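Working notes for the structure below.
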Amino acid sequence: MTFRQLAYRNVFRNRRSYAAFFLASVFSVMVFFVYSMFIFHPLFEEDGLQQLAVRGMFIAEVVLYIFTLFFLFYSMSAFLQARSKEFGILMHLGMTKKQLNKLVFFETMILGTVSTVAGIVLGFAFSKFFFMIGREIMQLESLPLYVSWKPFALTIGAFASLFIIISIISVAFVRTKGILDLLQGYWKTEEVTPASKWLSALGFLLLAIAYGLAAIVTDETVYTMAVIIPPLATLGTYLFFTHSIHTLLNLYKRKKGVYWHKTRLVSLAEASVKLKDSAQMFFIVTIVSTVAFLTVGTLASFMSYTGDFRESNPLGLIYISFSGNDEEQQHVESLISELEEKGLSYDLVPLIIKRQTSTMTGNDVDIVRASDFNRLAVTLGFDPVSPERGKGLFIPYSKESLKELGESRTDTVLMESDIALSIDEVYPHVMLPVNTVNFNSIVVNDLDYAAINKPLSGFGDGESTFTYYAFDIPEWDKTVLVGDELTAMMDRAVEEGNFTGLNFFFVNPGEDYRLFKSSFAILLFIGVMVAAVFLLAAGSFIYFKLYTGLERDRKQYALLVRLGMTDKELRKIVNRQLIPQFFLPWGLALLHSTFAFVSLQVVWDEFAELSILGEMVVVLSGFTVAQILYFFLIRWRYIDHLQAS
């Protein structure tokens, strides 16, 4: 039998043990390949949205590659530790360390080759499905499946190099051990190192400080806390698993009336050993799970902003014509023509806005006539206003400004036309978005409006007056590419920093909405796929650790059976051992994420008044359900392995 045949038979014989490793590897390859198919798609060239998708997926591939390298390194070390007795027998029979290294290298490359091929096959098989999702997210007319050597070459090259690196590094775990150590196996001691009371207390203290700081974050301190809190929580988590949890177990063991009770004694004694031995693994699982939760939760919160965007942008199209715009009518008629070609119904309400200087603040103020404002309000389904002579209402420019302006009362004089106004109300709805009007905009009585007969200081007659064309379009999200020539002219002026000759302003909120929604949806799609790899790997870490001590657990199980332990009692012991290993790091990750979302809510409050509570509950609940299902799957496999002895 050659070394290659021996390596193949070793892998084939242990196929059940390698199942979780193989599944996680295949899924990582599949995700990597799907992202590569997007990156090299011929349609993704210059469009901003497509470029965002490509860059996002490229970054995701880099993160995925690094994480997969770490994951495979850890899992292979676990398998090699579990097979230490096998290696000891081989070396006792005359195998040299060089030959043993060669055997491990062949086994790893066989697994890597099969995983890579299977991942690529599954990735290509499901590429059409993912392209359909991508097409809907980016609202493309088509995103056809294509065949190119580039995604295959990138994936094969990336994972071939990855498995080669793992093959070379992993042999270090058996290189320095003696034959006697190998024959004794991985679990040659059961000693539990006493936990430090001081470090235990420090672990609790650091976590309490991190949670406390996260709970009291404000707009002013949020960015500072983003630097302070993660290191505190990370160090606190490490100390919690290495010391704090064992101090609590030792305190519990002192209550012999509770501890010395039927299967509870066996369960907790065994759990204490495994929790101590697996402390670093639990720390890794907690951090990986927390990162996955926060990635998906943060990206899901972005989706909430798309819903808030509509409330802040009730108009479908906005065209503003300033003094000297000779193409005003041509542009407006062109927009109308494009809407009619798309079959979109609309209402057009023009507003003539005058600009004056407020003596109260010295700032420019945009003045809107009540009759014009009411036509737009009725069109949008809002209530009209009727300010008295000498009175005015603030026009809110965003949802956030409603509260701020509602608390303001201003008595001012429009300096150029010498008109006194008292303003103590704010209109309760956003009608004119923030980027289209002055921060200081007021609705006034028609008579006061007519009395404004002087232009803004420094302007000639009519030069400070402009026409605001407000298009109300019920199907506003279907206005994609309407007015794209005007948008291109504005974008060019912004890029060049030259607005000379640009006597208009145009914005298509429907196009912006599509960009926002699609961008966030793409990022969420990317994040969910990467998070799925993270979570699958986190669960696999626990499975690998269980497999490492499987031979020892089988001996214990056989001994308990001979002592009269029933299957029901065995399952109770297994549950009490597995539940802490699965749900202790998971629960701590949920706690970390909950306080992180509290801080994230403060960040959102700074930019937009929206709640991310719903997204947080959905994300954490979804991951919890997935973990429960994964727990039952692993428990089933673990009990099956135990009873196979």
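The values are calculated or read from the model by the stated rules, or taken from the named source; none is laboratory data. Computed from a predicted structure; not experimentally measured. A quick note on method: Cβ atoms are made from the backbone with ideal geometry, for glycine too, and the neighbour counts reach across all protein chains shown.
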Given the conditions (1) modelled with pLDDT under 85; (2) of a type outside the set (Asp, Glu); (3) not in a helix (DSSP H, G or I), every one holds for Ile284 apart from (3)
Check whether at least one residue in segment 468-481 is in a helix (DSSP H, G or I), loosely packed, with under 15 Cβ neighbours inside 10 Å and at pLDDT 85 or above, and report yes or no. no
Are there strands (runs of 3 or more DSSP E) fully within segment 294-411 with at least 1 residues that are crowded, with 19+ Cβ neighbours inside 10 Å and among the β-branched types (Val, Ile, Thr)? List them. 317-321, 347-357, 364-369
Regarding Arg355, is this residue under 35 Å from the mean Cα position of the chain (by Cα) and touching a residue at least 40 places away in the same chain (Cβ under 8 Å)? no
Odd one out for Arg492, checked against (1) in contact with a helix residue (DSSP H, G or I) (Cβ under 9 Å, 6 or more places away or on another chain); (2) among the basic types (Lys, Arg); (3) without any contact (Cβ under 8 Å) to a residue 12 or more places away in the chain: (1)
Residue check, Phe534 against (1) under 34 Å from the mean Cα position of the chain (by Cα); (2) farther than 30 Å from Gly587 by Cα; (3) not aliphatic (A, V, I, L, M), all met but one. Which one? (2)
Name the residues in segment 552-578 that are under 12 Å from Tyr638 (Cβ atoms) and hydrophobic (A, V, I, L, M, F, W, C), would you? Leu570, Ile573, Val574, Leu578
Among the residues of segment 354-386, the number that are more than 22 Å from Lys454 (Cα to Cα) and not polar (S, T, N, Q) is 10
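Yes or no, residue by residue, for (1) assigned to a helix (DSSP H, G or I); (2) outside the structural domain of Ile634 (by TED's automatic domain parsing); (3) touching a residue at least 24 places away in the same chain (Cβ under 8 Å); (4) surrounded by fewer than 22 Cβ atoms within 10 Å (Cβ to Cβ):
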site	(1), (2), (3), (4)
Leu559	yes, no, no, yes
Gly564	no, no, no, yes
Leu570	yes, no, yes, yes
Asn575	yes, no, yes, yes
Pro585	yes, no, yes, no
Exactly one of these conditions fails for Tyr638: (1) modelled with pLDDT under 80; (2) within 20 Å of Phe520 (Cβ to Cβ). Give me its number. (2)
Please enumerate the residues belonging to segment 426-461 that are outside any loop (DSSP other than H, G, I, E, B) and buried (at least 17 other Cβ atoms within 10 Å of the Cβ). Val426, Ser441, Ile442, Val443, Val444, Asp448, Tyr449
Answer yes or no as to whether Phe506 is within 22 Å of Gln329 (Cβ to Cβ), more than 27 Å from the chain's Cα centre (by Cα) and buried (at least 19 other Cβ atoms within 10 Å of the Cβ). yes
Assess whether Ile110 counts as being in the same structural domain as Ile39 (by TED's automatic domain parsing), surrounded by 16 or more Cβ atoms within 10 Å (Cβ to Cβ) and either touching a helix residue (DSSP H, G or I) at 6+ places or on another chain (Cβ under 7 Å) or in a helix (DSSP H, G or I) (or both). yes
Among the numbered criteria (1) modelled with pLDDT under 90; (2) within 37 Å of the chain's Cα centre (by Cα), which single criterion is violated by Met360? (2)
